[in-house]
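The block underneath contains the structure these notes are about, expressed in structure tokens.
What follows is calculated from the coordinates using simple rules that are stated; it is not laboratory data. This structure is a prediction, so every number in the text was calculated from the model and none was measured. Methodologically, a virtual Cβ is constructed for each residue, glycine included, from the backbone with ideal geometry; neighbour enumeration extends over all protein chains shown.
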Amino acid sequence: MQIALLGEVRVTVGGRDVPLGPRQRRLMFAVLAWQVNQVVPLARIEELVWPDSPPRRAAHAIQVGVSDLRTRLAGLGVELETHGAGYLLRADPLLVDVHRFTALVAKAGLADDEERVGLLGEALRLWRGPALADTAEDATRQRLCAGAEETRLVAIEDRAAALLRLGRHEDVIDELTELAAEHPARERLVGCLARALADGGQAGEAQEVLRRTRNWLADELGMDPGTEFRQLEAELRLPSMLPPVTGFSGRDKDIAKLDAATGGDGLAVRIGAIVGTAGVGKTALASHWAHLRRDRFPDGQLYLDMRGYSSDPPLSAEQALLRFLRVLGVPPTELPTDLTDATGMFRTRLTGKRILVVLDNVAGVDQVRPLIPNDPGCVVVVTSRERLDGLVARDGAIRVPLDVLTADESDALLRKALGNRADPALALACAHLPLALRMAAAHLVYNPQKTVDAYIAELRSADGIEGAVRTAFDLSYGALKPQYQRLFRLLGLLPGPDVTAEAAAVLADCDAPEAARLLDQLAAAHLLTQHVQGRRYFLHDLLSRYARERSVAEESPDERAAAVDRLTRFYLQTVSDAVELLYPYMLRLPRDSQQPSRFTEWAKAQAWLNAERANLVAAAVHGPRPTSWLLADALRGYFYQTREFTDWFSVAGAGLVASTEDGDLRGQAAMNFSLALANQARNDYQPATEHYLSSLRLSEAAGWGAGEASAFINLGLIDEVRGDLRQAAERYTQGRERSSRAGARQLEAATLVNLGAVHAQLGRLIDAERSLFAALEINRELGSRQGEADARYYLGAVAGLRGRFDDAEAQVTAVLAYYREIGRIQDEAESLALLARIRCEAGRHAEAAADARGAIELARRTGDQHTECGGHVALANALRGAGAVEEAAAEFDRALVMADVVDAAYLTCTALIGSAETRHDLGEHDRAVAEAVQARDMARAAGYRLLEGMALAAARDDAAAAVFAETGYLRG
């Protein structure tokens, strides 16, 4: 028998429901079951069954109901007893789900994290919906079940916290995102979500979650968040990239040497260079020391594996700098595009800071030098197999040579694993090398039938340190069962730096649980390292080369090719699923796939792409054709959002080479398009135009209509930015014709939005609305909320220009709500700036100023200087409208400087017009006319007909009236 209260009220026996009667009778039973083995007074039952007003004969109704329930439950192992003026349900509490839930939660509180996750998961699965879902009114549920609901939320928070400690951030993002929206005042829950996002590489999103909660608490409750929340805010603003270290022992003298190397007078940055042979423990020492001394670096710790000895290409200094800058809070749109600028920005960001920079596995001085801060409060620790003489001689690095372990340290390491089986002769046979010692210990633990003497005899046949390591590899590998050996061999074929159980399962053609079991066993044998618990595994570079050798020796070329093909196809399918959800509007090469998408939540799709980025890039650069350029094509939307330019150019360039060698015209067209967009995103319009023209030519040759249309559209965007509106309109018109002919409805709708925007700038407001309403209709047919939002944004802008302010505000407010819902901060900022302009035109200057300030704040956080400039223009107009003329003049001056920096002709014109009107207010009529004439000439040259009319009005030229009549400005 089971009694279910957490959801619909049910009693089941052998899987069959026991009927409990009508709703009130079920509720009487639920009240008694909720307080099982306790006497529930009649008055308590009355107030819960009839929370508003009990009937005159309520006591009689309860008596009849209890009698009926006794009959229905007879023989089922429970008893309904009368106790004076009350009733009691006598039963085993664990038959009732709410009491099982409470017991599991209590048990979880005493367990370690792994067990706690399991117990809390089991407890939370008992909740099938709101407690007493089909029986109780909200008032009853609040009185009876509020405590259990609170316990449920605490259990969710406890489980999330445990999962985060285990490194399993991806498992909590979706659930916490939904719950944080429902419970914005729960600071711990929101904090868990923020930490999960940060752990998944989404630091900006994490800080945005915290910001919104802080604002909600202030706006709705008039309070500030608590201490832990504030500490988390501060923590997430600081970089903390150090990898975890487990099982470290000894090295006291080396720690002291590193302390000395990184100490000093604080007059210059200090550099400690840990150098030594492979497998001697350089990474472990650097990471352990960094954790020990992290209090010396209150502004954060930066860490990167420079991959100097990996089978993958080493990380360049430029790639490393861009990653550090993102961690330091530089928005993607502000990231420098060359090494010199990146170095300068990095050093500027670290000025006045006390930050530790750990650069692991460095191949040479050129990788390091641009990453050295100037500030004397910073410290750099480098690990390398090279001597790094140039870093010592020129940059003042102090070398910390790392030798093998001492006899005592080796003995301590072996005793931890082997206890009394530890033997000094074993340490000597392993040449006191930590990697060989750990593998030897693991081998003997998992092969207890082998004696230590036998293992030593096998190792003594080796020659020197390299021989000892190689023999240790051979012995550990040889002791594995065939299925473990096979997976280890195949891991040597990985194109990227690490692997998950899911990817390993694809590589080995087995299921994920089996792959996870095999990976755990390989990690236990020290043939593999688990660097995020329960999630990701990687091979030491020596082991990676060894695994590849074994693969070549024992797998046929066809078997190796098939394994790599399976893995890269898996990456391609999963990337396609993620970007289809995240960037459905982006052009992609057509693919035949009938598989259901694995992603339904934005956060999970984004987290997967962030976690797998290095593997995806490696697969695109080194993978088989045509997966190479298909992966590069699918990743374009991700790179456009993240501004990972180095990786973007790398994969697009490799894809272009591969597709050209294979003669695939569509692939070449797509890769040229990707290279064009990358250059366009960096405001480098000349190479962007050349690649778009190549993409157009190749698309035409391949008969790829969507590719042709996209090339025309993006060429139009470049024309628009450069101020050639008529050419832009012509390009958009050609793009629309081709997208319509190709049946690319989403693309057609996007083109119509662009065309509408250009018509509006040209002063063709009627044509603009016609294009935008057509785009809106297509997007509604397709169910594209993003496309609908784009169309409504410009419809709001045009309605405002025509003087229909209520309509304009309704459109833009809806768009703003959508962008806030999906967390698109940049689009939220643009929408706020437009809303400010509309409200200012409508005479609501205080609201307009608030909106403009909100737009400026968000634009600064995303690094979007164009939108920030628009916000300053809107704020200046609002201030002028409110009578703060001098403040408005200063704000217009600020906007003009920024408009010049971003080279935006439209913003320059609007700022000049507003400034001219303000100068008239201040009596500075000569300056006012000069600015207005400058704006008029710019507007005429670019084709901004409506702005030309506004400039004429600011110049007090009567010709303005004719322009306004022609365009329909403020005329409904």
Task: Extension gain, Asp511 back to Glu150 (0.36 nm per residue minus Cα-Cα distance, nm) - done: 126.1 nm
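With all pairs of different alpha carbon atoms counted, what Kirkwood hydrodynamic radius in Å does region 544-591 show?
13.0 Å
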TODO: Could you list the square roots of 5 times each eigenvalue of the Cα gyration tensor of region 252-401, that is, the equivalent ellipsoid semi-axes, sorted largest first and rounded to whole Å?
DONE: 23, 18, 14
Open item on the list: Given the -39500 (n - 2.57) contribution per DSSP H run of 4+ residues, what per-residue ellipticity at 222 nm results for the chain, rounded to the nearest 500 deg cm²/dmol?
Closed with: -21000 deg cm²/dmol
Task: log10 of Debye I(q)/I(0), alpha-carbon scatterers only, for region 1-166 at 0.16, 0.17, 0.19 Å⁻¹ - done: -0.91, -1.00, -1.18
Open item on the list: In Å, what Kirkwood hydrodynamic radius results for region 707-855 from the alpha-carbon pair distances?
Closed with: 15.5 Å
- [ ] State the percent of C-alpha pairs, over all pairs in region 343-424, separated by a distance greater than 20 angstrom.
- [x] 50 percent
Open item on the list: Please compute one quarter of the surface area of the Cα convex hull for region 828-972 and express it in square nanometres.
Closed with: 8.1 nm²
- [ ] Restrict the search to region 311-403; then list the trypsin sites (Lys or Arg not before Pro) that DSSP places in a loop and that have at most 15 other Cβ atoms within 10 Å of their Cβ.
- [x] Arg387
Task: Selection from Val39, Ala619, Gly763, by position along the positive dipole direction of the chain (Cβ) - done: Val39
Task: Rounded to 5, percent antiparallel among DSSP beta bridges of the chain - done: 40 percent
Task: region 69-115, relative contact order [Cα under 8 Å, separation at least 6], % - done: 19 percent
Open item on the list: Please enumerate, by chain and number, the lysines with C-alpha under 28 Å from the C-alpha of Lys253, excluding those fewer than 8 residues away in the same chain.
Closed with: Lys282, Lys416
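Taking 0.36 nm per intervening residue step and subtracting the Cα-Cα distance, what contour gain separates Asn420 from Asp112 on full extension?
Result: 108.0 nm gained on full extension.
For Cα pairs less than 8 Å apart in space and 6+ apart in sequence, what is the mean separation divided by the residue count of region 1-166, i.e. the relative contact order in percent?
Relative contact order of region 1-166: 31 percent.
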Open item on the list: Cut-off under 25 Å on the C-alpha distance; same-chain residues fewer than 8 positions from Lys353 excluded. Which lysines are left, in chain and number order?
Closed with: Lys257
- [ ] Give the relative contact order (percent, whole number) for region 744-823; include only Cα pairs under 8 Å separated by 6+ residues.
- [x] 25 percent
TODO: Quickly work out the Trp216-to-Thr71 label distance, labels modelled 7 Å from Cα along the C-beta direction, and quote it in nm with one decimal.
DONE: 5.0 nm
- [ ] Under a cut-off of 20 Å between alpha-carbon atoms, report the aspartates and glutamates in cross-link reach of Lys107, not counting same-chain residues fewer than 8 places apart.
- [x] Asp92, Asp97, Glu115, Glu122, Glu149, Glu150, Glu157, Asp158
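For the ranges 205-212, 50-57, what's the packing order if you count other beta-carbon atoms within 10 Å of each residue, average per peptide, and put the highest first?
205-212, 50-57
For region 473-517, how big is the tail of P(r) above 13 Å, as a whole percent of Cα pairs?
54 percent
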Open item on the list: Just want the ordering: Glu809, Glu178, from fewest to most Cβ atoms lying within 10 Å of their own Cβ.
Closed with: Glu178, Glu809
Open item on the list: Using a 7 Å offset from Cα along Cα-Cβ at Thr82, what residues in region 36-53 end up with backbone N under 14 Å from the label point?
Closed with: 42
Open item on the list: Give me P(r) over region 652-743, computed from all C-alpha to C-alpha distances, binned every 5 Å, as integer percentages.
Closed with: 3, 18, 24, 25, 18, 9, 4, 1
Open item on the list: Can you bin every Cα-Cα distance in the chain into 20 Å intervals starting at zero and give me the percent of pairs per bin, rounded to whole numbers?
Closed with: 11, 34, 33, 19, 3, 0
Open item on the list: Step by step: find N for region 426-507, compute 2.2 N^0.38 Å, then divide the Cα radius of gyration by it. What's the final number?
Closed with: 1.22
- [ ] Go ahead and collect, in residue order, the members of region 81-117 whose backbone nitrogen is under 17 Å from a label point 7 Å along the Cα-Cβ direction of Asp17.
- [x] none
Task: Diffusion constant of region 744-823 at 20 °C, which comes from Stokes-Einstein with the Kirkwood Cα-pair radius and 1.002 mPa s, µm²/s - done: 175 µm²/s
Task: Two-site label geometry, Thr246 and Leu693: point separation in nm, points 7 Å out along Cα→Cβ - done: 5.8 nm
- [ ] Provide the FRET efficiency to the nearest 0.05 for the Asp662-Ala814 pair, computing r from the beta carbons and using R0 = 51 Å.
- [x] 0.65
Open item on the list: Run the paramagnetic zone check for His622: 7 angstrom along Cα to Cβ, then residues of region 477-501 with backbone nitrogen under 20 Å.
Closed with: 486-501
- [ ] Please give the length that would be gained between Thr600 and Arg780 if that part of the chain were fully extended, namely 0.36 nm times their separation in residues minus their C-alpha to C-alpha distance (nm, one decimal).
- [x] 62.8 nm
